[in-house]
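The structure appears below as C-alpha cells.
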Amino acid sequence: MNSDPLLINKLAAAVLVAGLLGMVSAEIAGGLFHIEGDIDISEQAFVIATPSNDAGATEMAEEEPAGPTDILPMLATASVEEGANVARKCQSCHTFEAGGPARTGPNLYNIVNADIAAADFAYSDVLNGMEGVWDYEALNGFLYAPADYSPGTRMSFRGVRNDQDRADLIVYLRSLSDSPAPLP
C-alpha cells in the first residue's frame, strides 16, 4: 500500500479552502443583493384570480375599489400604441388581426360594439346568456375584472386594474376595425 504522508494535510487544506470559498461567496452575494429592512413575504408578488367564494378572494375584494372607474373621458386622450403594449399580455389567448383564428379566447378584431358572444367561438354559458354589445362601458367592466363582470366565465385573467392601461387597451381594440366605432 502506497501511503501519502501529506494526505491528511491535503484533506484539511481542501476543507479550509471550501469554507473560505463559501464565506467569500456569501460576502460577495451580500454586497450585490443588499436588501434594507425586513422582507415581508406575506404579500404575493403575483396575484392569481380565484373564485369569489374563496376566503382569500373576499379579503382581496375588500381592499380594492368596488368596480372600475368610468374611463369614458379618458378615451379621448388614450394611446393606441400604449394599448398595443398592454394587449401583449392578451396575445397568449387572443389574436387581433382581421380573420385571425381563435385560440383559448376569441379573435378580438372588430370587437368594439360587436354582440357579446357573437363571434364564432365556444363561449362560456354565462357569456352566451348575456345580452348587449361590447360597448365602451361593457369592455371597461369586463376588462377591469372578468370574473366579477361575468361570474362563471372561463376567462381566468385577473383583469387590467390600472385605469389608464384599460383606456389605452380599449382604444387599441377600437382601432382594430375597418370602420372604428365613434368615441363617446
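Where a number appears in this text, it was derived from the coordinates with a stated rule and is not lab data. Since the model is a prediction, treat every value here as computed from it, not as a measurement. Please note: Cβ atoms are built from the backbone with ideal geometry, for glycine as well, and neighbour counts cover all protein chains shown.
Quick notes on this one:
- Positive minus negative residues near Arg154 (Lys, Arg vs Asp, Glu; Cβ under 15 Å): 0
- Sites Ala122 and Ser92 - FRET efficiency at Förster radius 22 Å, r taken between beta-carbons, to 0.05: 0.75
- Rg to Rh quotient for the range 105-184, alpha carbon positions, Kirkwood Rh: 0.93
- Averaged over residues, the count of other Cβ atoms within 10 Å places the peptides 8-18, 126-136 in the sequence 126-136, 8-18, highest first.
- Net charge of Cβ neighbours under 15 Å - reference Asn110; Lys, Arg +1; Asp, Glu -1: -4
- Separation of the Ala18 and Ser3 label points, Cα + 7 Å toward Cβ, nm: 2.3 nm
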